[in-house]
Amino acid sequence: MEEIHDVLDAISNTSAGGVLAMIVKVTGSAYKKEGAAMLFKPDGTQVGLLSAGCLEEDLAGRLEENDELYRELIYDMRGEDEFSWGEGSGCNGVIHIWTEKLTEAHLTHLLQLKKLLQEGQSVLMIKKRGDRPGYLFVPESGEAFGHWEGGIPDNGRVLERGMFFSKALKSDVYVHRIRPKRRLVVFGAGPDARPLVSFAAGAGFSVTVADWRPAFCTADHFPSAETRIVGFPHEVLGQLKLKSDDCVVVMTHNFKRDQELVCALAKKELRYLGVLGSEKRTARLFGADTVPSGVSSPAGLAIRAQGAEEIAISIVAQLIEVSHAVSVKEAACI
C-alpha cells in the first residue's frame with residue numbers, strides 16, 4: 001500500500017517547514033519503488049521510509065544542511081564494498097529522490113488532497129523540476145490545484161506512475177495517480193477477526209468491521225478499524241455502498257448470517273470476496289455442490305495456516321496479492 005496515506009495522516013499545521021521526499025525513479029532493484037514517500041517534520045519526527053533504513057539518516061542530514069524549496073538527490077546503492085555509498089547493502093539500484101520544503105500553501109494543498117482521497121476520488125499528482133519547478137494535483141472531478149506554471153503534458157494524463165522528459169516544459173516530469181486506500185469490510189467481530197483487522201490495517205487497508213452483536217464490535221476489540229458498524233446483515237449492507245475496489249471477508253461463524261451475506265455479496269462486483277471455512281461449508285451457504293467462481297474459500301493463501309493469527313496472515317497475504325495483480329494489470333494497459 002502507498003506510504004503517501006501515512007504521510008497525509010501525519011500532516012498538520014505544525015508541519016510547515018518540514019520536507020516531503022518521494023522516490024521518482026529507480027534504476028535496477030531497490031527496497032522501495034517509485035511513489036514511496038517520506039515526511040521529515042520540523043521537530044525531527046520522520047514518517048515513512050524510502051529504503052530499508054540505508055539512506056534515511058543521510059537524507060535527513062542533507063536536508064538540514066540545505067534550505068532549497070525543491071531539490072533532487074540521487075543515491076547509487078549498487079556498491080558492495082564499505083567505501084561506496086551502498087555500504088554493502090547490495091540493493092543494486094539507483095534511487096532518484098525529489099524533495100519539497102513544505103510551505104503553508106503546500107500544506108493546504110496536501111490537506112485538500114487528503115480530503116479528496118477520503119471522499120473516494122483518485123488524484124493525478126504531477127511534479128516537475130527545471131527552471132520552473134512545481135507540483136499539481138488533478139482530481140477526477142473538480143479543479144486542479146497546486147503550484148504550477150505551464151500546461152499539462154498529454155502523456156502525463158494517461159500514466160499511472162512514471163517519470164519522463166517533457167519537451168514542452170523543458171523539464172523532467174513525474175506522474176503518479178494516487179488512489180484512495182483500498183477498503184476491507186470484515187463481517188464478523190469474533191476473537192479471530194481481531195488479528196485480521198489489525199494486520200490488514202497495518203498493511204494499509206481501510207478496515208470496516210460489521211457485526212450484529214454490540215459487545216463484540218467495539219473500539220476496544222478493534223482499535224485499528226476505521227469504521228465499526230453494529231447491525232444485522234441487511235441493515236449493514238444498506239449502509240456500506242460497496243464499490244468494485246472493495247474487499248470483503250465473511251466470518252461471522254453463524255450459518256444463517258453467513259448465508260444471507262454471501263448470497264447478497266455474490267451479486268455485487270467486488271475486488272475480493274473471501275469466506276472463512278471449508279469449501280464444503282461455503283458451497284452449502286450457496287445451496288450448491290461447488291463454490292461459485294470469484295469466491296475465495298477457504299479465504300487466504302494455501303500456506304497450511306492454523307490458528308487465528310496464521311489464518312489472518314494468509315488472508316492479508318491474499319489481499320495484497322490481489323491488489324498487486326490489479327496494479328500490474330492496470331500498468332500493462334497504459
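Residues of the range 196-221 being assigned to a loop (DSSP other than H, G, I, E, B) and under 20 Å from the mean Cα position of the chain (by Cα), which ones? Listed by number, the residues that qualify are A203, G204, F205. Of the residues making up the range 21-47, those that are at pLDDT 90 or above and in contact with a Lys or Arg (Cβ under 8 Å, 6 or more places away or on another chain) are M22, I23, V24, V26, E34, G35, V47.
Would it be correct to say that S141 is in a loop (DSSP other than H, G, I, E, B) and hydroxyl-bearing (S, T, Y)?
Yes: the conditions hold for S141.
Matching residues to (1) closer than 18 Å to A203 by Cα; (2) more than 29 Å from the chain's Cα centre (by Cα); (3) in a strand (DSSP E or B):
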site: A225; (1), (2), (3): yes, no, no
site: I229; (1), (2), (3): no, no, yes
site: V262; (1), (2), (3): no, no, no
site: K267; (1), (2), (3): no, no, no
site: L270; (1), (2), (3): no, no, no
site: R281; (1), (2), (3): no, yes, no
site: T290; (1), (2), (3): no, yes, no
site: I320; (1), (2), (3): yes, no, no
site: H324; (1), (2), (3): yes, no, no
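Reported count of residues in the range 218-275, each being farther than 21 Å from R194 by Cβ and charged (D, E, K, R), is 10.
Among the residues of the range 197-221, the ones that are out of contact with any strand residue (DSSP E or B) (no Cβ under 6 Å at 6 or more places or on another chain) and buried (at least 21 other Cβ atoms within 10 Å of the Cβ) come to 1 in all. Specify the residue that is modelled with the highest pLDDT; the eligible residues are those in the range 202-220 that are over 18 Å from D258 (Cα atoms) and touching a helix residue (DSSP H, G or I) at 6+ places or on another chain (Cβ under 6 Å). Among those that are over 18 Å from D258 (Cα atoms) and touching a helix residue (DSSP H, G or I) at 6+ places or on another chain (Cβ under 6 Å), it is V207. The condition of being crowded, with 16+ Cβ neighbours inside 10 Å and either outside the structural domain of L73 (by TED's automatic domain parsing) or farther than 23 Å from R129 by Cβ (or both) holds for only one of D6, D43, that being D6.
Given the criterion modelled with pLDDT under 95 and touching a His at 6+ places or on another chain (Cβ under 9 Å), identify the matching residue among G287, G277, G294.
Details: G287 fails: touching a His at 6+ places or on another chain (Cβ under 9 Å); G294 fails: touching a His at 6+ places or on another chain (Cβ under 9 Å).
Sole residue among the options that is modelled with pLDDT under 95 and touching a His at 6+ places or on another chain (Cβ under 9 Å): G277.
The values are calculated or read from the model by the stated rules, or taken from the named source; none is laboratory data. Everything numeric here is computed off the predicted structure, so don't read it as measured data. FYI the Cβ positions are ideal-geometry reconstructions off the backbone, even for glycines, and counts take in every protein chain you see.
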